[in-house]
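The values are calculated or read from the model by the stated rules, or taken from the named source; none is laboratory data. From a predicted model like this one, the values you see are computed outputs, not experimental measurements. Reconstructed Cβ throughout: ideal geometry from the backbone, glycine too, with neighbour counts over all protein chains shown. The accessibility values were calculated without ligands, DNA or RNA, using every heavy atom of the protein model including side chains. Shrake-Rupley method; radii C 1.70, N 1.55, O 1.52, S 1.80 Å.
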Amino acid sequence: MKKIFCLLTGFLLFVPALRAQTDVDLDTELGGRLSLSVDKKILKGLHVSLEEEVRMDDNFASFNRFHTTLGVSYKLHPNIKVGLGYAIINPYSTNNKAFKSSRHRLMADVIGSMQFGNWRLSLKERFQATYRSGDMNEYQAPRTALALKSRLKVTYKALRRWEPYASVELRNTFNAPVIVANYDGTDYLTESMSQHGEAGWFLDGFNGSYVNRLRGAVGVDYRLSKASSLDVSLMADYVMDKVVDANAAGTKLKSYTRETGVVGWLAVGYTYSF
């Protein structure tokens, strides 16, 4: 009985916070990713890679961004690999027809894998920090976004040149906006306070955590030669983003929106290894 009472109390406290937000359904669309990468073996188990990626969105109607990534990986054990990477991201604004301020991303990977007959199962954990340069309203989003990606992938390796695979990935953000609702049990309280919203709710920093993307993918890696391969995949992202709109002074929270929807990606990547 005590557990039921606690659950009901938590639910009643949670409902006002839900009412403080506006839900928006995003239009389903398909984008494209084209990449070219080079992988160089330095020592046994030690590799350096360089990748250039172009992204399209709006059902391939507009250019989205360039990704340039430099990475290093090392195989600690036949079943464990670690890696570090740096990426510079150059987003493009179709409205202004110009590139926006660059983003700089640092990544740390740990990959564990196991072989079960013709099947290979791998788990990849990636922690990343993305720094946004240029002018921005830091009351709407943090300057540096922190996230953890967890991907489970299964690959079938019995075919000579073809390696079909499927994967599922969760992305958890660590500095999401935290919204607090002033609620007296009957109505929202509207007071004159910093970062206050229209309905008695306000922004209480960026120290929240939640899963903001679920991705599923199916694809195939085709070995063109001993040194080169072509990877083709179809991905679907279920996006769950919390978006804050505040004035530049941080004295007024204009809106708090939860955007949800499905975005698809057709990805084609070529890799040359030597």
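Asn118 meets the conditions (1) crowded, with 16+ Cβ neighbours inside 10 Å; (2) among the polar types (S, T, N, Q); (3) over 20 Å from the mean Cα position of the chain (by Cα) in every case but one. The failed one is (1). Taking the listed residues Ser49, Ser35, the one that is farther than 30 Å from Asp135 by Cα, in contact (Cβ under 8 Å) with a residue 12 or more places away in the chain and surrounded by 14 or more Cβ atoms within 10 Å (Cβ to Cβ) is Ser49, with no other qualifying. Of all the residues that make up region 213-247, how many are over 12 Å from Tyr272 (Cα atoms), polar (S, T, N, Q) and open to solvent by less than 30 Å² (accessible area, probe 1.4 Å)? Within region 213-247, residues that are over 12 Å from Tyr272 (Cα atoms), polar (S, T, N, Q) and open to solvent by less than 30 Å² (accessible area, probe 1.4 Å) number 1. In this structure, Leu123 does satisfy being under 21 Å from Ala236 (Cβ atoms), open to solvent by 60 Å² or more (accessible area, probe 1.4 Å) and in a strand (DSSP E or B).
Considered as a group, the residues in region 146-167 that are of a type in the set (A, V, I, L, M, F, W, C), open to solvent by 30 Å² or more (accessible area, probe 1.4 Å) and touching a residue at least 24 places away in the same chain (Cβ under 8 Å) include one that is nearest to Ala246 (Cα to Cα), and that residue is Leu146.
The residue pairs whose first member lies in region 89-118 and is touching a residue at least 60 places away in the same chain (Cβ under 8 Å), whose second member is open to solvent by less than 40 Å² (accessible area, probe 1.4 Å) and of a type in the set (Gly, Ala, Ser), and whose beta carbons are closer than 8 Å, counting only pairs six or more residues apart or on different chains, do not exist in this structure. Is it the case that some residue within region 17-31 is within 19 Å of Ala227 (Cβ to Cβ), surrounded by 14 or more Cβ atoms within 10 Å (Cβ to Cβ) and not β-branched (Val, Ile, Thr)? No, region 17-31 contains no residue that is within 19 Å of Ala227 (Cβ to Cβ), surrounded by 14 or more Cβ atoms within 10 Å (Cβ to Cβ) and not β-branched (Val, Ile, Thr). None of Phe174, Phe202 is at pLDDT 80 or above, farther than 28 Å from Arg120 by Cα, hydrophobic (A, V, I, L, M, F, W, C) and in a strand (DSSP E or B) except Phe174. Please work out if Tyr222 is assigned to a strand (DSSP E or B), over 17 Å from the mean Cα position of the chain (by Cα), modelled with pLDDT of 85 or more and not hydrophobic (A, V, I, L, M, F, W, C). When the stated conditions are applied, Tyr222 passes them.
Regarding Ala158, is this residue modelled with pLDDT of 95 or more and not polar (S, T, N, Q)? No. Selection of region 105-115 for residues being within 20 Å of the chain's Cα centre (by Cα) and open to solvent by 60 Å² or more (accessible area, probe 1.4 Å) yields Leu106, Val110.
Taken as a whole, the structure places Ile111 among residues that are closer than 21 Å to Glu163 by Cα and modelled with pLDDT of 95 or more. Can you work out which of the residues in region 71-88 that are farther than 8 Å from Asp109 by Cα, of a type in the set (Gly, Ala, Ser) and over 17 Å from the mean Cα position of the chain (by Cα) is least open to solvent (accessible area, probe 1.4 Å)? By that ranking, first place goes to Gly71.
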